[in-house]
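Okay, so here's the structure we're looking at.
What follows draws every value from the coordinates through simple rules; no lab data is involved. Note that the coordinates shown come from a computational prediction; the quantities given were computed from them, not determined experimentally. Cβ placement follows ideal geometry from the backbone for every residue including glycine, while neighbour counts extend to all protein chains displayed.
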Amino acid sequence: MGTNTVSLYTKRRRLSDGILTALIYLCASLAICLVAGIVGYVVVRGVRSVNWTFLTTVQSSKNNTFGIAGNLLNTLYIIVITLLIATPLGIGAAIYLNEYAKPGKLVRMIEFTTETLSGIPSIIFGMFGMVFFGTTLHLGFSILTGALTLTLLILPLITRNTQEALRTVPDSYRNGALGIGATKWYMIRTILLPSAMPGIITGVILAIGRIVGESAALIFTAGSGYILPKSLFGAFHKILESGGTLTIQMYLRMTNAKYDDAFGIALVLLIIVLGINCLTKFLTKRFDVTRLDERRGKQKRVKTKVSK
Amino acid sequence: MLANKIITKDLDLYYGENHALKTVNMDIKEKAVTAFIGPSGCGKSTFLKTLNRMNDLIPSVRIEGTVTLDGEDIYSQGVDTTLLRKKIGMVFQQPNPFPMSIYDNVAYGPRIHGIKHKAQLDEIVEKSLRSAAIFDEVKDRMKKSALGLSGGQQQRLCIARALAVEPEVLLMDEPTSALDPISTLKIEDLMAELKSEYTVVIVTHNMQQAARISDYTAFFLVGEMVEFNTTDEIFARPKDKRTEDYITGRFG
């Protein structure tokens with residue numbers, strides 16, 4: 001028997017281990033406290049301003065209302081129009097880069113440029129949008145100008161996410177489809193895009209988050225209008241009118257020292273972002289092709305509930 | 001004597017600078033099983049893929065010589081690779097069912113080629129699954145994901161998927177190398193049945209498998225087709241010293 005046998009029960013915790021573990025816990029709790037603190041503060045200060053009138057009226061000195069309905073609607077308009085333009089473009093670009101373009105210098109250059117594009121401060125997009133879409137194309141301060149500007153901003157996001165999603169689709173799927181005589185486009189449409197759908201949706205929803213939170217790129221392009229359309233024609237024509245989003249309205253209230261209103265808007269924005277995150281979780285699961293059976297199972301359960 | 005289905009003439013293939021296939025001349029017989037054997041990297045899989053132009057998908061590949069299917073050059077201009085691959089189907093080394101239901105996997109091919117009628121699709125799906133000897137195992141779970149099947153079942157499903165477009169030739173690239181012995185046995189039995197209707201070409205690492213299931217065997221070594229003959233001849237009386245060394249297990 002050796003005298004230097006160490007029992008398995010000996011505690012050998014080193015001091016440095018303990019310190020590092022403590023530090024890690026400290027960092028984690030600090031991060032959580034920061035987020036919780038901000039959210040808590042916004043909720044506490046904002047909750048007093050948020051009520052039904054606040055959400056359903058617009059700013060009007062005649063009626064003495066200070067609501068944000070117009071801005072909510074503008075935000076919705078900007079999201080929908082931007083996505084209508086940017087999603088097909090972004091997905092199309094990603095499909096081209098991943099599936100059609102020959103890998104090489106050109107592709108690398110395009111990818112590098114897209115990445116750089118996503119790092120540019122958004123006020124620069126705002127300036128470009130104002131000068132190009134607003135002045136050169138005579139679109140002025142309008143929701144369309146804002147949406148076109150934001151398209152530039154989120155295009156890299158959608159393209160990159162779609163590319164990543166396409167990359168994770170195994171080559172064996174491609175070969176399998178081509179090997180029984182599918183054309184390339186048929187293969188992309190029936191195999192690649194459905195498989196990549198969760199990743200594409202993530203990209204689109206991240207883009208929505210970016211749109212909702214954007215202000216610098218919008219203030220000189222979409223302007224700050226807040227009037228609700230009065231007719232069906234007005235609803236369409238609104239696209240060509242100035243329209244400030246929630247963030248713009250928040251900025252304006254703050255410059256007028258109406259901090260309670262601003263916190264109210266902040267709370268609304270927080271709730272929207274939270275909603276978007278939940279939606280992402282739900283949709284990525286819903287469209288995950290590898291979870292076909294779970295999806296079917298759920299649908300069946302819902303059906304039986306209804307029949308009862 | 002069986003008729004020739006596919007004939008390759010002076011076929012050379014280059015991956016960039018690398019001369020991967022050297023002047024391969026081969027007549028593949030109709031309604032028989034032809035096996036390609038040889039050590040890793042000898043070009044047998046590459047050769048298989050030239051037969052339905054799957055190598056087209058690799059950018060650096062250059063091909064010289066001719067491959068004919070029923071007398072038609074498959075590399076000539078104006079050949080529709082879609083139609084070619086309908087006639088010459090392929091089963092891969094790794095089972096690769098699509099992430100959709102079992103039914104949709106088998107119906108995928110017929111749908112490409114324009115069959116939309118439900119009853120007609122049902123019939124094709126059942127027939128193909130029966131031909132691939134998997135129908136009884138999956139008939140109650142047609143709408144379930146194909147990814148939930150075992151490896152061996154997945155591979156037979158892939159065979160069913162390939163059969164569903166009614167090919168004339170079935171290329172199989174080491175179809176059992178990722179499978180357990182029982183699944184392997186099932187697929188070998190299946191091949192014996194398939195050759196009554198289809199021309200089967202199989203790449204295999206396993207010499208016993210080639211001896212068991214094939215009518216003709218070709219031995220490849222570093223891009224060269226060393227010997228091609230009936231399987232009985234190759235294994236009983238190899239003419240080339242290298243073939244003899246390989247099949248007696250001296251290398252590879």
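Within straight cross-link reach of A:LYS258, meaning Cα distance under 30 Å, which lysines are found once same-chain residues fewer than 8 apart are removed?
A:LYS62, A:LYS230, A:LYS238
Kyte-Doolittle cut-off -1.0, length cut-off 15 Å along the helix's own axis using Cα: show which whole DSSP H helices in chain A pass.
Helices passing the filter in chain A: A:15-46, A:69-95, A:105-117, A:143-167, A:193-213, A:259-286.
Using only helices, what value at 222 nm comes out for chain A when you add -39,500 (n - 2.57) per DSSP H run of length 4 or more and divide by the total residues, to the nearest 500 deg cm²/dmol?
Computed mean residue ellipticity for chain A: -22000 deg cm²/dmol.
Give the value in nm², to one decimal: projected area of the alpha carbon convex hull of the protein assembly as shown, averaged over all directions.
Spelled out: convex hull of the Cα atoms, projected over all directions, averaged, 42.7 nm².
What residues qualify as long-range amide H neighbours of A:THR65, i.e. H under 5 Å apart, gap of 5 or more or another chain, H built at 1.01 Å from N?
For A:THR65, whose amide H was placed from the backbone, the distant partners under 5 Å are A:SER60.
Calculate, in whole percent, how much of the Cα-Cα pair population of region A:50-165 lies beyond 22 Å.
In whole percent, the share of Cα-Cα pairs in region A:50-165 beyond 22 Å is 49.
So who's got an amide H within less than 5 Å of the one on B:ALA20, skipping anything under 5 residues away but keeping other chains? H placed 1.01 Å off N, in plane.
Amide H neighbours of B:ALA20, under 5 Å, 5+ apart: B:LEU13, B:TYR14, B:TYR15.
Just the number, please: percent antiparallel of the DSSP beta bridges in the protein assembly as shown, rounded to the nearest 5.
The antiparallel proportion sits near 60 percent.
Please give the calculated 222 nm ellipticity per residue for chain B, where each DSSP H segment of at least 4 residues contributes -39500 (n - 2.57) and the sum is spread over every residue; nearest 500 deg cm²/dmol?
Using -39500 (n - 2.57) per qualifying helix, the result is -10000 deg cm²/dmol.
Averaged over its residues, how many other protein chain Cβ atoms are within 10 Å of peptide B:108-114's Cβ atoms? Write out the running numbers ahead of the final one.
On the way: counts 8, 6, 1, 3, 8, 3, 0.
Across the residues of B:108-114, the mean count of other-chain Cβ atoms within 10 Å is 4.
Kirkwood Rh, Cα Rg: Rg to Rh for region A:145-282?
Radius of gyration over Kirkwood radius for region A:145-282 works out to 1.14.
What net charge is computed for the residues neighbouring A:VAL50, neighbours being all others with C-beta under 15 Å from the C-beta of A:VAL50, Lys and Arg scored +1, Asp and Glu -1?
Summing Lys/Arg as +1 and Asp/Glu as -1 gives +2.
Mind ordering A:77-87, B:78-88 by average Cβ neighbours within 10 Å, highest first?
A:77-87, B:78-88
Quick one, what does Rg over Rh come out to for region A:52-291 if you take C-alpha atoms and the Kirkwood Rh?
Working: Rg = 20.4 Å, Rh = 19.4 Å.
For region A:52-291, the value is 1.05.
Rounded to the nearest 10 degrees, what's the angle between the helix B:102-112 long axis and the longest principal axis of chain B, both from Cα atoms, 0 to 90?
70 degrees
Hey, got the average number of other protein chain Cβ atoms within 10 angstrom for residues in B:89-101?
Average per residue, whole number: 5.
Quick one: work out Rg over Rh on the C-alpha atoms of region A:137-178, Rh as Kirkwood radius.
1.35
Tell me, Kirkwood radius of chain B from alpha-carbon pair distances, in Å?
Result for chain B, one decimal place: 18.7 Å.
For region B:195-207, just list the computed ³J(HN,Hα) in residue order, Karplus coefficients 6.51, -1.76 and 1.60, θ = phi - 60°, integers in Hz, with x standing in for Gly and Pro.
Karplus values, whole Hz, x for Gly and Pro: 5, 5, 10, 10, 8, 10, 10, 10, 9, 9, 8, 9, 5.
Taking every pair of alpha-carbon atoms in region A:156-201, what share in percent sits in each 5 Å bin, from 0 to the bin with the longest distance?
Spelled out bin by bin, region A:156-201 gives 5, 25, 29, 21, 13, 6, 1 percent.
Give the distance, in whole Å, between the Cα centre of region B:78-141 and the Cα centre of region B:1-52.
26 Å
Pairs of alpha-carbon atoms within less than 8 angstrom and 6+ residues apart define the contacts here; what relative contact order does region B:195-250 have, in percent?
Working: 44 pairs, mean separation 13.2, N = 56.
Here the relative contact order equals 24 percent.
On each of the three principal axes of the Cα atoms of region B:1-82, give max minus min coordinate, whole Å, ordered largest first.
Extents along the principal axes: 39, 35, 21 Å.
Please average, across the residues of A:169-178, the number of beta carbons from any other chain that are within 10 Å of each residue's own beta carbon, and give a whole number. Let's see the in-between values first.
Details: counts 1, 3, 2, 8, 4, 2, 8, 14, 7, 9.
Average per residue, whole number: 6.
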